[in-house]
Amino acid sequence: MSNQSPKANPPIRDRVAAVQALLENGKGEIRMQVDGRCKKLIECLELQSYNEKGEPDKDAGYDHMNDAVGYLVWREFNPLHAGAGRGTGIRIY
């Protein structure tokens, strides 16, 4: 068994943007759907608020599920990692 955790967490804004882009991007494309049985996740996604600094409000209690799905999306679907391990055909000397 191996640990697949990154050395550092991604910036909050990047993680939130990655989730939003999968739910619906600027072209109206939906690449992630949440099953209707995931009632708590849907509630959290709908009710997440932000503080005056523009960061997710940690006091309302709607952040934990969003954080969990955000880390999953960042790990599995982040474009920065999408080509990891594959050759690009470009050599840098």
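Taken together, the values in this text are just the output of simple stated rules run on the coordinates, not laboratory data. What you are looking at is a predicted structure, and each value in this text was computed from that prediction instead of being measured. Positions of Cβ are backbone-derived with ideal geometry, glycine not excepted, and every protein chain shown enters the neighbour counts.
Against the empirical 2.2 N^0.38 Å scaling, what ratio does the C-alpha Rg of the range 12-80 come to? Before the final figure, lay out the partial values.
Details: Rg = 12.0 Å, N = 69, 2.2 N^0.38 = 11.0 Å.
In units of the globular-protein estimate, the range 12-80 measures up at 1.09.
Going by how many other Cβ atoms sit within 10 Å of their own, how do VAL19, VAL34, VAL73 line up, fewest first? Could the numbers behind the result be given before it?
Values: VAL19 18, VAL34 12, VAL73 21.
Listing VAL19, VAL34, VAL73 from fewest to most nearby Cβ atoms yields VAL34, VAL19, VAL73.
What percent does the relative contact order of the range 12-80 come to when contacts are Cα pairs within less than 8 Å and at least six residues apart? Could you put the intermediate results ahead of the total?
Working: 52 pairs, mean separation 24.9, N = 69.
Over the range 12-80, the number comes to 36 percent.
Quick check for me: using +1 on Lys/Arg Cβ and -1 on Asp/Glu Cβ, what's the dipole size of the range 12-80 about its Cα centre, in debye to the nearest 20?
On the way: 10 positive and 13 negative charges, 46 e Å.
About 220 debye.
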